[in-house]
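Let me begin by presenting the structure, written as structure tokens, before commenting on it.
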Amino acid sequence: MASEALPTVVIVGRPNVGKSTLFNAITGTRRAIVGDEPGITRDRIYAEATHSGKKFQLIDTGGIVPQDDDLIPSEIFRQARVALEGADQIIYLIDGRTEITGSDRDLAQLLKQLGKPVTLAVNKIDAPVRESLAAEFWELGFADLFAVSAEHRINIEEMLDHVTANFPRQEDIAPSGHTIIKVAIIGRPNVGKSTLLNALVGHERSIVTPIAGTTRDAVDERVMHEGVEYVIVDTAGIRRKGRTKMMAEKLSVVMARRHIRLADVVLLVIDGEEGPVDLDANIAGYAHEEGRPVVLCVNKWDTVKERSKNAYVQKVRDALRYLDYAPIAFLSAKEGAGVKQLFGLVKRGWEAAGKRVTTGELNRFFEPLASDLTTRIRYITQVSVHPPTFLVFKDGTRQMHFSTERFLINQIREKFGFKGTPIVIRAKTKPGKPKREK
């Protein structure tokens, strides 16, 4: 669901014509994965872009082969149709170094039937001597044609001048004024991450197939729920390093970790039938290390035979000991059961991560507890949020014992309501008074 205030531009084309390269060139990011393997982008990839003071939503679609009946290509085609029907402008990207194919003509016909403004971008024209190659593509019947090089950013600005000609300038768009929370869905391949994204947004936004690893790029969607806008990112399934042989899968791990870093809250999806495994703990560690609030989502709960939640909670806590602060939600993304509770849990984690406590409140609370600590603490103060970080001034040069750190974290969490978020404690030795000179 694109932001209602922004016009939408959709990039379409056959596999491996350079759509993701163009997407990255326009947005100035590495948001989409780029590589030599055809079909790397499968879902719709969203990002906001700006050209000459005009902001718009840019969508990169999977490579389209209109007559391909294989499972994943047909899903890509269906996903692209959803994006195209909501487009204000379409950039039809084609490889200028190849001849026009039957698939090119089929896709051109499909785009004409939509009745949307289409700009034909003939890509890989990276030198003046190659510009003549673009001429033959006029026969596809589009009125607006630009010879471009996405890789070298040739004629991209001129093309965007045309595409955004009727878009409003940013100062003409009223600010939304509502809270925006960025959420990353993470987990092993095939645990139901894409199904969960679809359940949260209420329609089939992300490609869902029985094939593990279908999602490669991170796929995102905006959802309004009770006055809060959630930007939800479905990341690629993270495999063990030894099993990520293909370039696209290795890049997916890097991108998934990047989206964890950019998120406000993380949903870790666990396969309820298999239960928590070592790889779940490794993946959760990425979120914990980045200081992100985590919600543990036990998916496929409707298929679990042993339905004792108390016993299952203990199993999860034993496997993910350092995530004792993370709430556990039991759900079935496929059936939609228990999914809506996640909005509240995400919002609570986000609020807790942004909470501040005054130095006075902290020290009044800890003063009577000082006798229970092996380390003498002079005072404590909160220095930052997301994650909540506290600086402890202590006596002595010895490092603070782990048990003391855990005690402080538990006390702060319980007293001041930092539930659902990790807490960081930093210790610093308070310098003694300088000696007087004789």
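The values are calculated or read from the model by the stated rules, or taken from the named source; none is laboratory data. Values in this document were obtained by computation on a predicted structure and should not be read as measured data. Cβ atoms come from the backbone with ideal geometry, glycine included; neighbour counts cover every protein chain shown. In case anyone asks, the SASA skips ligands and DNA or RNA and just uses the protein heavy atoms, side chains included. Shrake-Rupley method; radii C 1.70, N 1.55, O 1.52, S 1.80 Å.
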Subset of segment 297-323 [touching a Ser or Thr at 6+ places or on another chain (Cβ under 6 Å) and surrounded by fewer than 19 Cβ atoms within 10 Å (Cβ to Cβ)]: 302
Note: among 316, 357, just one is under 18 Å from residue 192 (Cβ atoms) and either at pLDDT 90 or above or not aromatic (Phe, Trp, Tyr) (or both), namely 316
Run down 326, 284 and say which single residue is within 20 Å of the chain's Cα centre (by Cα), open to solvent by less than 40 Å² (accessible area, probe 1.4 Å) and under 20 Å from residue 354 (Cα atoms). 326
Report every pair of residues separated by at least 6 positions or lying on different chains whose Cβ atoms are under 6 Å apart, first residue within segment 106-132 and at positive phi, second small (Gly, Ala, Ser) and part of a loop (DSSP other than H, G, I, E, B). 124/96
Of the residues in segment 144-158, those that are free of Cβ contacts under 8 Å to residues at least 60 places away in the same chain and farther than 22 Å from residue 116 by Cα number 4
Give the residues of segment 300-336 that are part of a loop (DSSP other than H, G, I, E, B) and not hydrophobic (A, V, I, L, M, F, W, C), sorted by residue number. 300, 305, 306, 307, 308, 324, 325, 327, 334, 335, 336
Just a yes or no: is a residue in segment 370-378 at pLDDT below 90, crowded, with 17+ Cβ neighbours inside 10 Å, over 31 Å from the mean Cα position of the chain (by Cα) and assigned to a strand (DSSP E or B)? yes
Among the candidates 394, 438, which residue alone is of a type in the set (Lys, Arg), at pLDDT below 85 and touching a Ser or Thr at 6+ places or on another chain (Cβ under 7 Å)? 394
Which one of 367, 414, 351 is assigned to a helix (DSSP H, G or I), farther than 21 Å from residue 290 by Cα and modelled with pLDDT of 90 or more? 414
Do we find a residue being part of a strand (DSSP E or B) and basic (Lys, Arg) anywhere in segment 380-399? yes
Out of (1) surrounded by 23 or more Cβ atoms within 10 Å (Cβ to Cβ); (2) outside any helix (DSSP H, G or I), the odd one out for residue 357 is which? (1)
Given the residues 171, 158, which is the only one that is under 19 Å from residue 50 (Cα atoms), open to solvent by 80 Å² or more (accessible area, probe 1.4 Å), at pLDDT 90 or above and part of a helix (DSSP H, G or I)? 158
The strands (runs of 3 or more DSSP E) lying wholly within segment 33-118 that contain at least 3 residues that are modelled with pLDDT of 50 or more, open to solvent by 50 Å² or more (accessible area, probe 1.4 Å) and closer than 23 Å to residue 233 by Cα are none
Every pair of residues 6+ apart whose Cβ atoms lie under 8 Å, when the first sits in segment 256-274 and is at pLDDT below 90 and open to solvent by 10 Å² or more (accessible area, probe 1.4 Å) while the second is in a helix (DSSP H, G or I) and of a type in the set (D, E, K, R): none
